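*Asks:* Here you go, one structure.
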Amino acid sequence: IQPISGKYTLVCCISSSHAPGTCLAYLHNPTLAPATLPSFDNMSLGLAPNVTGLHGTCRRLPVVQSRKHTSLRAPTRAIAEVEWSAPPSPPKASVPEGTPVVPTLDLPSRPRRNRRSPSIRRAFSETVLRPDNLILPVFIHDGEANIPIDSMPGVSRLGWKSGLLEEVTRARSYGVNSVVLFPKTPDHLKTRTGEESFNPDGLVQRSIRLLKDKFPNLEVFTDVALDPYNSDGHDGIVRDDGVILNDETVEFLCRQAVSQAAAGADCVSPSDMMDGRVGAIRAALDREGYSHVSIMAYTAKYASAFYGPFRDALASAPAAAAPGSRRVIPADKRTYQQDPANYREALREARADEAEGADIMMVKPGMPYLDVIRLLRDNSPLPIAAYHVSGEYAMLAAAARNGWLDEREAVLEALTCLKRAGADLILTYYARQAAQWMAGE
């Protein structure tokens, strides 16, 4: 039916060869188009499939004998007449003066056709970011007030009894149901060996119990490393000549992981980068009856400059040796964290962690290491996590506060890129806010 103004006469077939109520329409020609109309009094034409797009209503007319069509076995009768008019054609879009007039390119493939509208773009989107993909890292301290972190605008150290519960409640209201805890340990509890890390009544252990009591189905991840508890600021025990002890550190990491599991942690996350720690922790958890607790290994954790604000939040940067001391304390963590220049090395770490029983493998930092995320994704069936670290957060937050970029658009783009690269889980300080934006707020 062409969009021209005129009259249609609806006719109803009374032959037994057609279903009752099947009607046919024509305009000054014998071509009949089927449509089913349950009623003919003031019926909107939009309800008739073969006349969708016409404007007008049906009205009852006297029954008259109509022409007989050769395809019908019985006469038809006209029962309604429709007055309608076509909608106006949309105006042709103008182009700027000076636009060249060119012949249409002979292109069999035009990818832009699949980007022409929001609906089409959503339908063809290859990567979909959801609140379920996000883990919220939270800094906690053994106090009441929330303390803003200057180098991370909008992020605070949360009081474990109140601020922590409030933040988790807000995150859960937008669908973020996973958190990872990072404690600010008071200086008087820090030692060279970090025994506070496995104190059954330590800050992390108390916080886990509080969260699981308040939110039984909350997924609680923990950090397994000595640096928040180590007076030297390292992830492992530092020998006097500056060597980070590997096997001795692993023993304390196992005790730390078991104490967190006993408090109710769902997943322990060794971030220390000691050799063999995943297998040792898995064996310790299983031996103590916590075979249900998962391990998210920091598989490819690089010695990155993007961790600065995190160390401000926890006061966990490597310390300087005391004046006059003959002890050597390394100024960085390059003897155990990966070299940012290395790519293949991540695959070696991944194979070891997978063989030792890791359930999830992580890449840290995130955005500068998209190639490493893809490397792990393509070479392992395990879920892959990416940590959108404090320095990445600080850059976006600072630029947004100076009006240099659109924070919402930049953050969602960054997180989508991490997922597109292969991350199933993303640890990000923007987790709650990103989920809020996804909800349209």
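The values are calculated or read from the model by the stated rules, or taken from the named source; none is laboratory data. Keep in mind that this is a model prediction, so the values were computed, not measured. Here the Cβ positions follow ideal geometry from the backbone for every residue, glycine too, while neighbour counts run over all protein chains shown. Heads up: the accessible areas ignore ligands, DNA and RNA and are worked out on the full protein's heavy atoms, side chains in. Shrake-Rupley method; radii C 1.70, N 1.55, O 1.52, S 1.80 Å.
*Asks:* Which one is surrounded by the most Cβ atoms within 10 Å (Cβ to Cβ), of the residues in the stretch 385-434 that are of a type in the set (S, T, N, Q) and under 27 Å from S294 (Cβ atoms)? Give the derivation first.
*Replies:* Step one: list which residues in the stretch 385-434 are of a type in the set (S, T, N, Q), which gives 390, 402, 416, 428, 433.
Checking which are under 27 Å from S294 (Cβ atoms) leaves us with 390, 416, 428, 433.
Numbers: S390: 24, T416: 17, T428: 26, Q433: 21.
For the stretch 385-434, the residue satisfying everything is T428.
*Asks:* Which one of these is of a type outside the set (G, A, S), in contact with a His (Cβ under 8 Å, 6 or more places away or on another chain) and either at pLDDT 95 or above or farther than 24 Å from D353 by Cβ (or both): L314, L226, L285, L210?
*Replies:* The match here is L226.
*Asks:* Ok, one more. Would you check which residues across the stretch 305-323 are open to solvent by less than 30 Å² (accessible area, probe 1.4 Å) and among the aromatic types (F, W, Y) and list them?
*Replies:* Y307, F310 - these are the residues of the stretch 305-323 that are open to solvent by less than 30 Å² (accessible area, probe 1.4 Å) and among the aromatic types (F, W, Y).
*Asks:* Conditions first: (1) closer than 24 Å to E219 by Cβ; (2) open to solvent by 50 Å² or more (accessible area, probe 1.4 Å); (3) in contact with a strand residue (DSSP E or B) (Cβ under 8 Å, 6 or more places away or on another chain); (4) charged (D, E, K, R). R282 passes all but one, so which condition is the exception?
*Replies:* Among (1) closer than 24 Å to E219 by Cβ; (2) open to solvent by 50 Å² or more (accessible area, probe 1.4 Å); (3) in contact with a strand residue (DSSP E or B) (Cβ under 8 Å, 6 or more places away or on another chain); (4) charged (D, E, K, R), the lone unmet condition for R282 is (2).
*Asks:* Can I ask one more? Looking at the stretch 159-170, is at least one residue open to solvent by 50 Å² or more (accessible area, probe 1.4 Å), more than 18 Å from A263 (Cα to Cα), within 27 Å of the chain's Cα centre (by Cα) and of a type in the set (G, A, S)?
*Replies:* No; the residues of the stretch 159-170 include none that is open to solvent by 50 Å² or more (accessible area, probe 1.4 Å), more than 18 Å from A263 (Cα to Cα), within 27 Å of the chain's Cα centre (by Cα) and of a type in the set (G, A, S).
*Asks:* Just one of R326, R344 is without any contact (Cβ under 8 Å) to a residue 40 or more places away in the chain, among the charged types (D, E, K, R) and surrounded by fewer than 15 Cβ atoms within 10 Å (Cβ to Cβ); which is it?
*Replies:* R344
*Asks:* What strands (runs of 3 or more DSSP E) completely inside the stretch 113-230 contain at least 2 residues that are free of Cβ contacts under 8 Å to residues at least 40 places away in the same chain?
*Replies:* Hits in the stretch 113-230: 156-159.
*Asks:* Quick one: Y302 ticks every box in (1) in contact with a Phe, Trp or Tyr (Cβ under 8 Å, 6 or more places away or on another chain); (2) open to solvent by 10 Å² or more (accessible area, probe 1.4 Å) bar one, so which box is it?
*Replies:* The number of the failed condition is (2).
*Asks:* In the stretch 257-271, what residues are within 17 Å of D201 (Cα to Cα) and part of a loop (DSSP other than H, G, I, E, B)?
*Replies:* Selection gives G264, A265.
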